[in-house]
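Enquirer: Please see the structure below; I have some questions.
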Amino acid sequence: MAEVKVPELAESITEGTIASWLKQKGDQVEKGENILELETDKVNVEVISEEAGVITELKAEEGDTVEVGQVIAIVEENGEAGSSSEESEESTKEDKSEPEQSSDSSEQKEEQKKQEEQPNGERIVATPSARRMAREKGIDINDINASDPRGLVRSQDVEGHGKQPEKSEAPKKQEQPKKQDSGKPDKPVIREKMSRRRQTIAKRLLEVSQNTAMLTTFNEVDMTNLMELRKRKKEQFQERHDGTRLGFMSFFTKASVAALRKYPAVNAEIDGEDLVLKQFYDIGVAVSTDEGLVVPVVRDCDRKTFADIENDIVDMAKKAQNKKLGLDDMTGGSFTITNGGVFGSLMSTPIINGTQAAILGMHTIQKRPVAVDDETMEIRPMMYIALSYDHRVIDGKEAVGFLKTIKDLVENPEDLLLEG
């Protein structure tokens, strides 16, 4: 017999949520085969079986929170795939207690089918313990409302169903007559449990807003020269670097590195009573996924070429979308860039990422009339940029100077290339 335990994840992660079981009770597994997906605060981790055999017991259900080192499954090395002996015994007990069903196998199958399907033909998904409890209580599994957003009926849902009549007989509320008198129908809502990652994002954003003196300063960038340079060089760049596209992110990343060197407080953080000035330039790049915003880190941007940075950003974005980011991909950043412009945002005040001191926000490029000199007005492609910063670490003068350095370098991309 081998126990499957929640593995060590990272120093700061002590628990996770079972996102899905890839194997079920009675399934054959090989050594090193993935048996479940565990959702942590930062990434999803696949947990493997250390031994080959048959899963004889699942000690946790999908949606359960489990801690590092906790036993979550049992694998029997010499077990046989299929139904376990416990289930067979349970089935035998039920057959003895209900002889009228065992006398007619076709009626038994029909009754089971009714329990497993809703009136519209959709299959009810429920845990074995929930089905067993529902049968014992004489409750139709179709009548039970699942608390899980995916529709999985658990034993606690069956318990709760049994208590519903008592709740309905509770003392009348004064609001009920008002609802009836108003004549307004109940408004439809969908209630879903927040994923662990969404809960963590919400918690940390709130912590940042409560624990920092965050301010935002703005500037605007004339993108004319950079867009013309990119137009002239993009084909040559793509041929020289094996199909890598020349985007705007590499320019803003390189400009950020130059500005961080000039204003080191922006590349710092508070640790207790100490101010930690970072001598490295690991830039986090915010990526939007279906489960929320993640910030993978591009390492050593001061030492990388424009092509290296573009490739790293593309690779990180693909890993994020495919849920393949590792913990090492997400930790240790010194500064963050977020680009709301890809969604059409004209201006925003981004929130600082974790313990960092500042974050740069890029926005959509929009053509606007610009006064070139006292007599000339031209239509130029303009972008608003924002720097949100912790005023405990960074003074207003430094924040404005940092953003002005970004502006100057992006508007003069040849200087940026020399800096890089």
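The values are calculated or read from the model by the stated rules, or taken from the named source; none is laboratory data. Remember, it's a predicted structure, so these values are computed and weren't measured experimentally. Reconstructed Cβ throughout: ideal geometry from the backbone, glycine too, with neighbour counts over all protein chains shown. Keep in mind that these areas ignore ligands, DNA and RNA; they rest on the heavy atoms of the full protein, side chains included. Shrake-Rupley method; radii C 1.70, N 1.55, O 1.52, S 1.80 Å.
Enquirer: Name the pairs: first residue in segment 195-216 and outside the structural domain of Tyr389 (by the TED database) and over 18 Å from Ser288 (Cα atoms), second residue open to solvent by 60 Å² or more (accessible area, probe 1.4 Å) and hydrophobic (A, V, I, L, M, F, W, C), Cβ to Cβ under 6 Å, at least 6 apart or on different chains?
Expert: Val208/Ile351
Enquirer: Okay, moving on. If you go through segment 359-381 one residue at a time, do you hit one that is farther than 29 Å from His241 by Cβ, in contact with a helix residue (DSSP H, G or I) (Cβ under 7 Å, 6 or more places away or on another chain) and crowded, with 20+ Cβ neighbours inside 10 Å?
Expert: Scanning segment 359-381 turns up no residue that is farther than 29 Å from His241 by Cβ, in contact with a helix residue (DSSP H, G or I) (Cβ under 7 Å, 6 or more places away or on another chain) and crowded, with 20+ Cβ neighbours inside 10 Å.
Enquirer: Asp274 - would you say it is more than 21 Å from Leu403 (Cα to Cα) and loosely packed, with under 15 Cβ neighbours inside 10 Å? Spell out how you get there, then give the answer.
Expert: On the way: more than 21 Å from Leu403 (Cα to Cα): yes; loosely packed, with under 15 Cβ neighbours inside 10 Å: yes.
Spelling it out, Asp274 is indeed more than 21 Å from Leu403 (Cα to Cα) and loosely packed, with under 15 Cβ neighbours inside 10 Å.
Enquirer: Would you mind stating whether Asp282 is crowded, with 16+ Cβ neighbours inside 10 Å, without any contact (Cβ under 8 Å) to a residue 60 or more places away in the chain and of a type in the set (Asp, Glu)? Full working, then the answer.
Expert: On the way: crowded, with 16+ Cβ neighbours inside 10 Å: yes; without any contact (Cβ under 8 Å) to a residue 60 or more places away in the chain: yes; of a type in the set (Asp, Glu): yes.
For Asp282, the condition - crowded, with 16+ Cβ neighbours inside 10 Å, without any contact (Cβ under 8 Å) to a residue 60 or more places away in the chain and of a type in the set (Asp, Glu) - is met.
Enquirer: May I ask you to verify whether Phe343 is modelled with pLDDT under 95, assigned by the TED database to the domain that holds Tyr263 and farther than 16 Å from Met227 by Cα?
Expert: Judged against the criteria, Phe343 is a match.
Enquirer: Do we find that Arg303 is of a type outside the set (Val, Ile, Thr), touching an Asp or Glu at 6+ places or on another chain (Cβ under 6 Å) and either free of Cβ contacts under 8 Å to residues at least 12 places away in the same chain or open to solvent by 60 Å² or more (accessible area, probe 1.4 Å) (or both) in this structure?
Expert: Working: of a type outside the set (Val, Ile, Thr): yes; touching an Asp or Glu at 6+ places or on another chain (Cβ under 6 Å): no; either free of Cβ contacts under 8 Å to residues at least 12 places away in the same chain or open to solvent by 60 Å² or more (accessible area, probe 1.4 Å) (or both): yes.
No: the conditions fail for Arg303.
Enquirer: Further question on the same structure: Please determine, by comparing only the residues of segment 379-416 that are in a helix (DSSP H, G or I) and free of Cβ contacts under 8 Å to residues at least 40 places away in the same chain, which one is nearest to Pro350 (Cα to Cα).
Expert: Keep residues of segment 379-416 that are in a helix (DSSP H, G or I), which gives 396-411, 413-416.
Still in the running and free of Cβ contacts under 8 Å to residues at least 40 places away in the same chain: 397, 408, 415.
Details: Lys397: 19, Asp408: 21, Asp415: 27 Å.
Residue satisfying both the conditions and the ranking: Lys397.
Enquirer: Name the single residue that is farthest from Asp329 (Cα to Cα) among those in segment 13-53 being in a loop (DSSP other than H, G, I, E, B) and touching a helix residue (DSSP H, G or I) at 6+ places or on another chain (Cβ under 9 Å). So that I can check it myself, show each step before the final result.
Expert: Going residue by residue through segment 13-53, those that are in a loop (DSSP other than H, G, I, E, B) are 14, 22-27, 30-33, 40-43, 49-52.
Next, only the ones that are touching a helix residue (DSSP H, G or I) at 6+ places or on another chain (Cβ under 9 Å) stay: 25-26, 40-43.
On the way: Lys25: 34, Gly26: 36, Thr40: 14, Asp41: 14, Lys42: 10, Val43: 10 Å.
Here the residue is Gly26.
Enquirer: Given Ile359, Ile337, Ile352, which one is within 19 Å of Val208 (Cα to Cα) and without any contact (Cβ under 8 Å) to a residue 60 or more places away in the chain?
Expert: Values: Ile337 fails: without any contact (Cβ under 8 Å) to a residue 60 or more places away in the chain; Ile352 fails: without any contact (Cβ under 8 Å) to a residue 60 or more places away in the chain.
Of Ile359, Ile337, Ile352, the one residue that is within 19 Å of Val208 (Cα to Cα) and without any contact (Cβ under 8 Å) to a residue 60 or more places away in the chain is Ile359.
Enquirer: Select from segment 157-196 the residues that are charged (D, E, K, R), within 30 Å of Ser20 (Cβ to Cβ) and at pLDDT 75 or above and list them in ascending order.
Expert: As a first pass, look at segment 157-196 and keep what is charged (D, E, K, R): 157, 159, 163, 166-167, 169, 172-173, 175, 178-179, 181, 184, 186-187, 191-193, 196.
Checking the rest, the ones that are also within 30 Å of Ser20 (Cβ to Cβ) come to 157, 159, 163, 191-193, 196.
Correct list: Asp157, Glu159, Arg191, Glu192, Lys193.
Enquirer: Of the residues that sit in segment 306-334 and are open to solvent by 60 Å² or more (accessible area, probe 1.4 Å) and farther than 18 Å from Phe248 by Cβ, which one is farthest from the chain's Cα centre (by Cα)?
Expert: Asp328
Enquirer: Continuing with this model, one more query. Return a yes/no flag: does segment 199-214 have any residue that is open to solvent by 70 Å² or more (accessible area, probe 1.4 Å) and over 30 Å from the mean Cα position of the chain (by Cα).
Expert: Kept after step one, since they are open to solvent by 70 Å² or more (accessible area, probe 1.4 Å), are these residues of segment 199-214: 199, 203-207, 210-211.
Pick out the ones that are also over 30 Å from the mean Cα position of the chain (by Cα) and you get none.
There is no residue in segment 199-214 that is open to solvent by 70 Å² or more (accessible area, probe 1.4 Å) and over 30 Å from the mean Cα position of the chain (by Cα).
Enquirer: Let me ask something else. Among the residues of segment 220-241, is any open to solvent by less than 90 Å² (accessible area, probe 1.4 Å) and under 24 Å from the mean Cα position of the chain (by Cα)?
Expert: no
Enquirer: Can you name the condition, by its number, that Thr56 falls short on among (1) of a type in the set (Val, Ile, Thr); (2) surrounded by 19 or more Cβ atoms within 10 Å (Cβ to Cβ); (3) over 16 Å from Gly326 (Cα atoms)?
Expert: All conditions are met except number (2).
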